[in-house]
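The values are calculated or read from the model by the stated rules, or taken from the named source; none is laboratory data. Here the structure is a predicted model, which is why all the values come from computation and not from measurement. All Cβ positions, even for glycine, are placed from backbone atoms using ideal geometry, and neighbour counts span all protein chains on display. Protein only, heavy atoms only, side chains kept; ligands, DNA and RNA dropped before computing areas. Shrake-Rupley method; radii C 1.70, N 1.55, O 1.52, S 1.80 Å.
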Amino acid sequence: MSLSVTVLELSGILDGIRGNELRREVNDILANGADILLLDLKEVKFIDSSGLGALVSAMQMVRKADSRLFVCSINDQVRMLFELTKMDRIFQTFADQEEFNRQVLAIQN
């Protein structure tokens, strides 16, 4: 059985405005039946509290839809934020999309 994987590449600052956009995008992706959502944060420079809330909201939406969410390519500042807020215990992160493919997709297929 092949799983539907959607990669969402975010960029810039993840704040309240971008967070609302993220929620809408995740809702649309789930409505289209994605089994796995990978958030690639390679181009994200900063996440504020509203952006962090949007990520948590996205995780809740994904879980409610019986799908899975992963994060990859976070920079040091975002990694520190995840560690300080204990989000590193909630989000499974990967170094990049290649590591995600090796560790998650190879197991699924």
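A few comments on the model shown:
- Qualifying positions in the stretch 69-109 - of a type in the set (A, V, I, L, M, F, W, C) and in a helix (DSSP H, G or I): Val78, Met80, Leu81, Phe82, Leu84, Met87, Phe100, Val104, Leu105, Ala106, Ile107
- Taking the criterion of being among the small types (Gly, Ala, Ser) and either modelled with pLDDT under 95 or open to solvent by 60 Å² or more (accessible area, probe 1.4 Å) (or both), the only residue of the stretch 37-50 that qualifies is Ser49.
- Filter result for Arg18 (open to solvent by less than 90 Å² (accessible area, probe 1.4 Å) and either modelled with pLDDT of 95 or more or farther than 17 Å from Thr6 by Cβ (or both)): yes
- In the stretch 51-109, the residues that are hydroxyl-bearing (Ser, Thr, Tyr), touching a Leu at 6+ places or on another chain (Cβ under 8 Å) and open to solvent by 30 Å² or more (accessible area, probe 1.4 Å): Thr85
- Within the stretch 1-22, the set of residues being more than 11 Å from the chain's Cα centre (by Cα) and either in a helix (DSSP H, G or I) or closer than 20 Å to Asn75 by Cβ (or both) comprises Ser11, Gly12, Ile13, Leu14, Asp15, Gly16, Ile17, Arg18, Gly19, Asn20, Glu21.
- Test result for Ile29, among the β-branched types (Val, Ile, Thr), in contact with a strand residue (DSSP E or B) (Cβ under 9 Å, 6 or more places away or on another chain), open to solvent by 10 Å² or more (accessible area, probe 1.4 Å) and more than 16 Å from Leu81 (Cβ to Cβ): yes
- Scanning the stretch 58-68 for residues that are of a type outside the set (Val, Ile, Thr) and assigned to a helix (DSSP H, G or I) turns up Ala58, Met59, Gln60, Met61, Arg63, Lys64.
- Candidate set: the stretch 1-15, residues that are open to solvent by 60 Å² or more (accessible area, probe 1.4 Å) and free of Cβ contacts under 8 Å to residues at least 40 places away in the same chain; chosen: the one nearest to Glu99 (Cα to Cα): Glu9
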